[in-house]
Amino acid sequence: MFSEVLEKIDWDATTEAIYAKSDADVRRALAKNHLDVEDFMALISPAAEPYLETMAQLSYRYTRERFGNTMQIFIPLYITNSCTNSCVYCGFHVSNPMKRTILTEEEMVNEYKAIKKLGPFENLLIVTGENPVKAGVPYIARSLDLARPYFSNLKIEVMPLSVEEYEELTHHGMNGVICFQETYHKANYNIYHPRGMKSNFEWRVNGFDRMGQAGVHSIGMGVLVGLEKEWRTDITMMAYHLRYLQKHYWKTKYSFNFPRMRPSENGGFQPNVVMSDRELAQVTFATRIFDHDVDISYSTRESASFRNHMARLGVTTMSAESKTDPGGYYSYPQALEQFHVSDERKTGEVAAALRALGIEPVWKDWDQSFDELTCRK
Amino acid sequence: MEKLTIAGKSFSSRLFLGTGKFRSNELMEQAIRTSGSEMVTVAMKRIDLENPEDDMLRHITHESIQLLPNTSGVRDAEEAVFAAQMAREAFGTNWLKLEIHPDPRYLLPDSIETLKATEKLVKLGFVVLPYCQADPVLCKRLEEAGAATVMPLGAPIGTNRGLRTKDFLQIIIEQAGVPVVVDAGIGSPSHAAEAMELGASAVLVNTAIAIAADPVRMANAFRQAVEAGREAYEAGLGSVSANFEANASSPLTAFLQ
Amino acid sequence: MQIIVNNKAMEMAEGSTLSALAETLRLPEKGVAVAINNQMIPREEWSATGLQAGAQVVVIKAACGG
């Protein structure tokens, strides 16, 4: 399990090592074809800042080599904001006195139909809070069953589950799981997640092993940038995690997400650090140079202009026209969002902008009929 | 230099030696000593009842040397299991270099039988080091079957052609959760150093040393090459080809200024 | 009775054991393994293993090889 590996990697020593990276370390990393985590640390370090353009060019080249001129497009659907956790930074925090919604089956189907009217979406990400009693695995399974007639590829972003539960959901057409570790700093993790199921660090960080053991095809990872002041260290831990998972669950595809928090305007949780566009670009380039195959996903948290610029430079998956509130596409269009969407363009506008850059939006590259064999097992 | 650990046993030397093709057992013994190798392969043959001959085993038996019996000559998994049991009995070790090559011309390993035999032998308690194709997926499958290392080939055995499979070896090394020993094809110390620089855990050399004009000095050359290559790998190789400049013009990143 | 040892015919007295054969062949204490009809027989079982007429015996020892 990865928790055992992580215990052996010292946080402070890693931070020091990143800041000690030199110009020569960066050059060496740039010259390599097969990079290790030390190289990745060099590329996200301040020492690599003068090489940003070189990194962009390499990232551009590797991305085009592996992915061609394409961009995967997906859309998220929140089916509930009911949550028993108390993540200090999250709008769905259990003690936030807001109206909680758990979409009914009819409402779900209405959302699916409404999404199909926005654009030719085939990749759907179903998102929940953590409420195993009222919106647990059977509820998620039902949402998948109902989504299958409308979408070719279903992923979920839900609480960490057991191996058996992940297996169970693959039988309902689930093809991928996204789960953000939020932070790999264990002591601080417990401060950000003081109560509820999510407060168990090991259960979350080893969730990725369980996904791998269950044979999940695609695993999405992420660090919430804004929690740890030393976000470079946090992202380095994610790089270690990726290499670990690739070795153990080598039949799975992996993706990286870098959700970054913005300063809150209405007095909510203030991020401990704000990552600049330049820094996010550097991390994106570094990730692509580090791993030519890993999928890099940008959500609508990022602005339209930034997403347009980065679309050619390493990003390989984007969402479009997302609503981050349950039922936001049809049933409850005005509900409270989990996070603020910056890119509010229509699906058609996102697609047109990509085409203008010479990139083909890909709505579908997988059909669940390929999974039928698995489903029958 | 980091020590190499295989199946819980630690090795100071990352050079494994084969014992074939030497002009004499005495020369072989000297070459092994000079190489510093702690892992030496041994084959099996039927005793010739009429012509008793020198016992090669006494030339390679030493407390610092792990004997690695091979299954050379077997053509499928079933024969390999039989050979393994004979080897364990004869040499008193459960370590085994599994090699199954039904093809007598190039001695290329049969991937399917090798995987089957690995599964069986691991269950029978053997420490299995399979000689295999430089096939990254096969290497993962062997690892999952319980192989203690994988031993992908650099080139057809005995050809001395070097790392013809380099691109695949690199992927294997990157993905492997067990030590990767490059076996077959290493024809000169520079090949051995190259494999070590790539990050291989060890190399297995036989022909290149055995048929050298002076096998003992060649064994010494390989010892140094393997150490140099490993040291370079651990020290973090610098770039030899690319010379990246910090770029003043920024066509792709101007939007970040 | 006749048995086959490493592809050569050999005469042994009826009811001989594998130990008796080992003695006849002057097999060393270490470094050999014996199989009868493709079944490896551990050394500690030699004295209790009887030989049948026509038995195919294989005796192997170390050889040079890579």
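The values are calculated or read from the model by the stated rules, or taken from the named source; none is laboratory data. Since the structure is predicted, the reported quantities are computational estimates derived from the model, not experimental observations. With ideal geometry, Cβ positions are generated from the backbone for all residues, glycine too; neighbour counts draw on all protein chains shown. Note: accessible area is taken over every heavy atom of the protein model, side chains too, but ligands, DNA and RNA are not part of it. Shrake-Rupley method; radii C 1.70, N 1.55, O 1.52, S 1.80 Å.
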Within the range A:283-367, strands (runs of 3 or more DSSP E) holding 1 or more residues that are over 13 Å from residue A:75 (Cβ atoms): A:295-298, A:360-362
Can you tell me which residues in the range B:1-23 are at the interface with chain C (Cβ under 10 Å from one of its Cβ atoms) and not aromatic (Phe, Trp, Tyr)? B:17, B:18, B:19, B:20, B:21
Under the condition of being farther than 26 Å from residue A:319 by Cβ and without any contact (Cβ under 8 Å) to a residue 12 or more places away in the chain, which residue from the range A:52-77 is least open to solvent (accessible area, probe 1.4 Å)? A:53
Going residue by residue through the range A:172-189, is there one that turns out to be over 24 Å from residue A:15 (Cβ atoms) and surrounded by fewer than 19 Cβ atoms within 10 Å (Cβ to Cβ)? no
Among the residues of the range A:148-163, are any in a strand (DSSP E or B) and open to solvent by 40 Å² or more (accessible area, probe 1.4 Å)? yes
Kindly establish whether residue A:227 is part of a loop (DSSP other than H, G, I, E, B) and either touching a strand residue (DSSP E or B) at 6+ places or on another chain (Cβ under 9 Å) or open to solvent by 20 Å² or more (accessible area, probe 1.4 Å) (or both). yes
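Table: residues versus (1) within 30 Å of residue A:188 (Cα to Cα); (2) open to solvent by 10 Å² or more (accessible area, probe 1.4 Å).
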{"position": "A:50", "(1), (2)": "no, yes"}
{"position": "A:79", "(1), (2)": "yes, no"}
{"position": "A:85", "(1), (2)": "yes, no"}
{"position": "A:89", "(1), (2)": "yes, yes"}
{"position": "A:113", "(1), (2)": "no, yes"}
{"position": "A:136", "(1), (2)": "yes, no"}
{"position": "A:139", "(1), (2)": "no, yes"}
Of all residues in the range B:1-19 being under 14 Å from the mean Cα position of the chain (by Cα) and of a type outside the set (Val, Ile, Thr), the one that is farthest from residue B:227 (Cα to Cα): B:18
Touching an Asp or Glu at 6+ places or on another chain (Cβ under 6 Å), open to solvent by less than 10 Å² (accessible area, probe 1.4 Å) and polar (S, T, N, Q), is that true of residue A:287? no
All positions within the range B:163-180 that are in a helix (DSSP H, G or I) and closer than 17 Å to residue B:5 by Cα: B:173
Over the range B:37-63, the set of residues closer than 21 Å to residue B:97 by Cα, away from every other protein chain (no Cβ under 11 Å) and more than 15 Å from the chain's Cα centre (by Cα) is B:62, B:63
Inspect the range C:41-52 for any residue being within 19 Å of residue B:48 (Cα to Cα) and within 11 Å of another protein chain (Cβ to nearest Cβ) and give the result as yes or no. no
In the range A:79-91, is there at least one residue being more than 14 Å from chain B (Cβ to nearest Cβ), part of a loop (DSSP other than H, G, I, E, B), farther than 30 Å from residue A:159 by Cβ and of a type outside the set (Phe, Trp, Tyr)? no
Among the residues of the range B:104-139, write down those that are within 23 Å of residue B:167 (Cβ to Cβ), part of a loop (DSSP other than H, G, I, E, B) and not charged (D, E, K, R). B:106, B:107, B:108, B:109, B:133, B:134
For the range B:116-125, give me the residue count where each residue is open to solvent by less than 60 Å² (accessible area, probe 1.4 Å) and touching a helix residue (DSSP H, G or I) at 6+ places or on another chain (Cβ under 6 Å). 3
Could you please find all residues in the range B:72-91 being facing chain C (nearest Cβ under 10 Å), without any contact (Cβ under 8 Å) to a residue 40 or more places away in the chain, open to solvent by less than 70 Å² (accessible area, probe 1.4 Å) and of a type outside the set (Gly, Ala, Ser)? B:79, B:82, B:85, B:89
Counting only strands (runs of 3 or more DSSP E) wholly inside chain C, the ones holding at least 2 residues that are open to solvent by 10 Å² or more (accessible area, probe 1.4 Å) are C:2-5, C:8-11, C:39-41, C:56-63
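Mind counting the residues in the range A:115-134 that are assigned to a loop (DSSP other than H, G, I, E, B) and either free of Cβ contacts under 8 Å to residues at least 40 places away in the same chain or surrounded by fewer than 21 Cβ atoms within 10 Å (Cβ to Cβ) (or both)?
6
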Specify the residue that is farthest from the other protein chains (Cβ to nearest Cβ); the eligible residues are those in the range A:9-26 that are crowded, with 18+ Cβ neighbours inside 10 Å and over 22 Å from residue A:244 (Cα atoms). A:21
Among the residues of the range A:27-41, what is the count of those that are in a helix (DSSP H, G or I) and more than 8 Å from chain B (Cβ to nearest Cβ)? 5
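Looking at B:183, B:135 in this structure, which one is within 14 Å of another protein chain (Cβ to nearest Cβ) and either buried (at least 21 other Cβ atoms within 10 Å of the Cβ) or within 13 Å of the chain's Cα centre (by Cα) (or both)? I'd like the intermediate steps shown before the answer.
Values: B:135 fails: either buried (at least 21 other Cβ atoms within 10 Å of the Cβ) or within 13 Å of the chain's Cα centre (by Cα) (or both).
None of the others qualify; the one that does is B:183.
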Please go through the range B:92-115 and give me each residue that is open to solvent by 50 Å² or more (accessible area, probe 1.4 Å) and free of Cβ contacts under 8 Å to residues at least 40 places away in the same chain, ordered by number. B:92, B:94, B:102, B:104, B:105, B:112
